[in-house]
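As structure tokens, the structure follows; a few thoughts come after it.
Bear in mind that the values in this text are calculations on the coordinates, not laboratory data. Computed from a prediction, not measured in an experiment: that's the story for all the values here. Here the Cβ positions follow ideal geometry from the backbone for every residue, glycine too, while neighbour counts run over all protein chains shown.
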Amino acid sequence: MTFDQLLHDVRACTLCADVLPHHPRPVVQLQASAKILIAGQAPGRIVHETGIPFDDKSGDRLRDWMGVSRETFYDSAKVAILPMGFCFPGTGKSGDLPPRPECAPAWREQLLAQLTQLEVTLVIGAYAQAYHIGKSGKNLTQLVKSWETYWPCLVPLPHPSPRNNIWLKRNPWFTEDLLPRLKTRISQVL
């Protein structure tokens, strides 16, 4: 199967149509030439509506963390965005529901195999971290704090959501130590 056919099939996917609270709208961004992969959780409600990954406050913060413009961020030849679940899973009591479990087994390995130029993967959130890093036995803070263990190829990050403002305030080392190195790394790769 060609890369274009694979991407077409992913964007037409309806594997979980019967369990989603809305019509499926897979949101991914990638080209084989991408050097940066953003491995996240799943699109939120706003992203579901626009079809543009990280087209919300979380995306604004993530672009700031990376030190890139919207233009660079949305250049699929440079930055691939491949969440664990491709469709908005709906809203629960304390935020968005977890990514649907159907996406990763059906598509992830095939898509990752196409990304042969990757130099750095930003691993955002528990589901992506479990997939890309494995079950470390560490909580989010411990995992992100051990970022140098995975450097420079993998960078575990908290979700850039405004819901994490308290976490960011409690962990100033993230802004002081990790983010300057991340911006430098991203700049070097691009």
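I'd like the full set of residues that are more than 12 Å from the chain's Cα centre (by Cα) and among the β-branched types (Val, Ile, Thr), limited to region 149-169.
The answer is Thr149, Ile166.
Would you pick out the residues in region 63-97 that are surrounded by fewer than 23 Cβ atoms within 10 Å (Cβ to Cβ), touching a residue at least 24 places away in the same chain (Cβ under 8 Å) and closer than 26 Å to Leu178 by Cβ?
Result: Trp65, Gly67, Val68, Thr72, Tyr74, Ser76, Lys78, Gly95, Asp96.
Restricting to region 51-86, name every residue that is of a type in the set (Phe, Trp, Tyr) and under 11 Å from the mean Cα position of the chain (by Cα).
Phe54, Phe86 - these are the residues of region 51-86 that are of a type in the set (Phe, Trp, Tyr) and under 11 Å from the mean Cα position of the chain (by Cα).
Among the residues of region 11-59, which ones are closer than 24 Å to Pro156 by Cβ, charged (D, E, K, R) and either touching a strand residue (DSSP E or B) at 6+ places or on another chain (Cβ under 8 Å) or loosely packed, with under 15 Cβ neighbours inside 10 Å (or both)?
Scanning region 11-59 gives Lys35, Lys57.
For region 92-122, name all the residues that are more than 26 Å from Arg63 (Cα to Cα) and among the small types (Gly, Ala, Ser).
Correct list: Gly92, Ala106.
Which condition number in (1) closer than 19 Å to Val19 by Cα; (2) surrounded by fewer than 20 Cβ atoms within 10 Å (Cβ to Cβ); (3) among the basic types (Lys, Arg) is the one that Arg100 fails?
Here Arg100 meets the rest and fails (2).
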